[in-house]
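The values are calculated or read from the model by the stated rules, or taken from the named source; none is laboratory data. Values in this document were obtained by computation on a predicted structure and should not be read as measured data. Using ideal geometry, Cβ is built from the backbone for each residue, glycine included, and neighbour counts are taken over all protein chains shown. Surface accessibility is based on the protein's heavy atoms, side chains included, excluding ligands, DNA and RNA. Shrake-Rupley method; radii C 1.70, N 1.55, O 1.52, S 1.80 Å.
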Number of protein chains: 2
Amino acid sequence: MKIGIVQQRCSTHRSESIASSEDGIRKAAAKGAKLVILPELHASQYFCQTENPDFFDLAETIPGPSTEYFGKLAKELKIVIVISIFERRASGLYHNTAVVLEKTGKIAGKYRKMHIPDDPGYYEKYYFAPGDLGFNPIDTSVGRLGVMVCWDQWYPEAARLMALAGADMLIYPTAIGWDPSVDKAEKQRQLDSWITIQRSHAIANGLPVISVNRVGFEPSPVGKKGHGIDFWGNSFIAGQQGEILAMAGTGKEVIITDVDLGRTEKVRRNWPFLRDRRIDCFSDLSRRFRK
Amino acid sequence: MKIGIVQQRCSTHRSESIASSEDGIRKAAAKGAKLVILPELHASQYFCQTENPDFFDLAETIPGPSTEYFGKLAKELKIVIVISIFERRASGLYHNTAVVLEKTGKIAGKYRKMHIPDDPGYYEKYYFAPGDLGFNPIDTSVGRLGVMVCWDQWYPEAARLMALAGADMLIYPTAIGWDPSVDKAEKQRQLDSWITIQRSHAIANGLPVISVNRVGFEPSPVGKKGHGIDFWGNSFIAGQQGEILAMAGTGKEVIITDVDLGRTEKVRRNWPFLRDRRIDCFSDLSRRFRK
């Protein structure tokens with residue numbers, strides 16, 4: 001199956017961001033992609049660089065403008081699209097939500113980001129309530145999609161739960177980048193660790209992993225008091241052994257790659273990790289710490 | 001702290017294997033290592049290539065000859081040593097067990113391999129009962145050691161449980177290699193995935209990871225009916241961001257590396273993964289599958 005990923009810049013103007021996403025989706029579809037994935041919160045610049053109540057105005061409902069817009073596009077192109085939305089669920093209740101649009105244009109399902117980060121420049125706990133839909137893959141015409149979002153990608157537990165629920169692949173819309181003030185060696189370690197941890201989910205679970213990041217420098221909304229973020233791109237698709245099938249650079253890029261979902265059976269037969277999990281001894285995984 | 005790893009060949013003659021281990025330990029200690037780790041089941045060639053009841057003769061008790069021998073060495077050199085033993089616990093009850101010897105020569109603790117593999121050439125389920133000591137680190141004068149064994153290295157759950165119990169580092173004595181009949185690209189994928197999954201445990205938990213493999217081709221005990229195993233070495237030490245601090249090649253090698261355990265605090269502050277685990281939603285990790 002051909003999978004397309006749209007590594008894009010995001011603009012302070014919603015219409016520009018949407019146009020960039022649509023352009024990428026159309027390119028991917030034209031090259032035969034049956035599933036296309038956008039980066040996290042692609043409709044706007046990454047507003048979580050600061051805590052500002054005005055930014056809640058960026059949120060929208062599900063269904064709403066984005067699901068309608070990209071739903072129409074999915075139907076027109078006869079493809080499945082994964083979009084990412086700043087979801088307004090109720091007054092004072094917002095989520096960071098991925099929505100899967102079926103090729104009929106209908107909503108196949110949604111996933112609300114479960115792990116919410118909060119560190120300097122990524123003040124997400126202010127904007128997003130932690131997801132309450134659990135780690136459940138979304139069934140579509142192109143397979144059972146284990147869609148998660150960004151910070152979730154650091155948690156092997158999340159990937160495993162998706163795999164145990166029968167996911168055919170793991171998908172991470174992402175917005176991650178460098179603090180420009182950090183030295184080069186640390187930047188490299190951060191990028192490497194981000195790639196490595198996600199490849200490891202492919203390996204541990206015998207599933208393809210698709211990670212889609214944005215690119216471009218976005219200045220801090222608070223001006224010179226903030227460093228801004230240099231979003232590092234490097235979106236990639238890994239196969240069931242964690243092998244890189246395709247990887248973008250640090251610029252705008254649309255990638256289409258053939259992913260053989262049938263390899264999961266072969267890879268899991270060769271190294272049958274799921275068989276031997278010591279589930280009799282895993283209950284402490286539900287503890288914060290064991291001390 | 002300086003950590004030493006002994007990547008060695010193993011012989012069909014126990015005395016040769018022991019001599020090789022001792023030689024490596026002495027070299028590492030001479031270069032200042034305070035902790036030295038041997039590969040899995042280092043006293044013999046990898047007998048699990050076939051199922052043969054005679055091989056149970058290789059097993060020994062704990063305490064027993066190996067703990068006595070390496071205990072004396074630990075005391076003489078004033079270092080902590082991690083050894084790996086085919087443990088005879090009772091008639092018909094054997095384990096694949098790592099033992100940590102304190103610099104006093106005493107046994108600091110043991111870990112019985114929890115995840116037991118079984119696939120062509122690695123018939124471990126025949127020889128070893130699954131461990132019943134859980135995932136509990138071993139306290140020593142050089143830190144709390146998260147010692148596991150080989151196949152455990154593929155399980156993020158195991159690494160996490162050690163981290164949650166306050167392990168200062170994760171340690172994997174290992175015996176893994178290539179089936180010589182496999183093509184080059186597959187060999188590379190296997191090696192890459194082995195390195196990647198272990199680096200990912202460092203990343204997910206903000207802990208150093210030390211993995212020690214054996215080297216050399218060992219023919220199948222059943223002759224030409226078996227392919228034999230080409231043990232791939234590549235023992236390594238990774239830092240808290242999964243960065244490779246040192247890595248061996250495919251030959252006999254002793255490596256000593258400085259590992260800064262204090263970096264764990266810094267790395268975990270920067271990306272505080274432990275803070276955000278969705279422990280309210282992890283109970284299904286104790287299920288075999290969710291379908």
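Output yes when any residue across the range A:178-189 is open to solvent by less than 10 Å² (accessible area, probe 1.4 Å), touching a residue at least 12 places away in the same chain (Cβ under 8 Å) and charged (D, E, K, R), and no when none is.
No, because not a single residue in the range A:178-189 is open to solvent by less than 10 Å² (accessible area, probe 1.4 Å), touching a residue at least 12 places away in the same chain (Cβ under 8 Å) and charged (D, E, K, R).
Which members of the range A:100-115 meet the condition of being in contact with a strand residue (DSSP E or B) (Cβ under 7 Å, 6 or more places away or on another chain) and either surrounded by fewer than 24 Cβ atoms within 10 Å (Cβ to Cβ) or more than 13 Å from residue A:35 (Cα to Cα) (or both)?
Listed by number, the residues that qualify are A:102, A:103, A:107, A:108, A:109, A:110, A:111, A:112, A:113.
Select from the range A:255-269 the residues that are surrounded by fewer than 14 Cβ atoms within 10 Å (Cβ to Cβ) and either within 30 Å of residue A:26 (Cβ to Cβ) or within 14 Å of chain B (Cβ to nearest Cβ) (or both) and list them in ascending order.
The answer is A:258, A:260, A:262, A:266, A:269.
Yes/no per residue for (1) out of contact with any Cys (no Cβ under 6 Å at 6 or more places or on another chain); (2) more than 27 Å from residue B:1 (Cβ to Cβ); (3) not in a helix (DSSP H, G or I):
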| position | (1), (2), (3) |
| --- | --- |
| B:32 | yes, no, yes |
| B:57 | yes, yes, no |
| B:71 | yes, no, no |
| B:109 | yes, no, yes |
| B:136 | yes, no, yes |
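Considering (1) within 18 Å of residue B:98 (Cα to Cα); (2) free of Cβ contacts under 8 Å to residues at least 60 places away in the same chain, say which one residue B:175 fails and leave the rest.
The one condition residue B:175 does not meet is (2).
Which of the residues belonging to the range B:52-80 are open to solvent by less than 60 Å² (accessible area, probe 1.4 Å), out of contact with any Ser or Thr (no Cβ under 7 Å at 6 or more places or on another chain) and closer than 18 Å to residue B:113 by Cβ?
Listed by number, the residues that qualify are B:55, B:56, B:59, B:64, B:66, B:67.
Out of B:166, B:134, I need the residue that is under 16 Å from the mean Cα position of the chain (by Cα), free of Cβ contacts under 8 Å to residues at least 60 places away in the same chain, within 9 Å of chain A (Cβ to nearest Cβ) and surrounded by fewer than 21 Cβ atoms within 10 Å (Cβ to Cβ). Which one?
B:134
Go through the range B:83-131 and give me each residue that's within 14 Å of chain A (Cβ to nearest Cβ), of a type in the set (D, E, K, R) and over 17 Å from residue B:49 (Cα atoms).
B:112, B:113, listed by residue number.
In the range A:111-127, how many residues are assigned to a strand (DSSP E or B) and under 17 Å from the mean Cα position of the chain (by Cα)?
Count: 3.
Which of the numbered conditions does residue B:278 fail, given that it passes all the others? Conditions: (1) without any contact (Cβ under 8 Å) to a residue 40 or more places away in the chain; (2) open to solvent by less than 50 Å² (accessible area, probe 1.4 Å); (3) more than 9 Å from chain A (Cβ to nearest Cβ).
Result: residue B:278 fails condition (3) only.
Restricting to the range A:142-156, and then to whatever is part of a loop (DSSP other than H, G, I, E, B) and surrounded by 23 or more Cβ atoms within 10 Å (Cβ to Cβ), can you tell me which residue is nearest to the other protein chains (Cβ to nearest Cβ)?
If we take residues in the range A:142-156 being part of a loop (DSSP other than H, G, I, E, B) and surrounded by 23 or more Cβ atoms within 10 Å (Cβ to Cβ), then A:155 is nearest to the other protein chains (Cβ to nearest Cβ).
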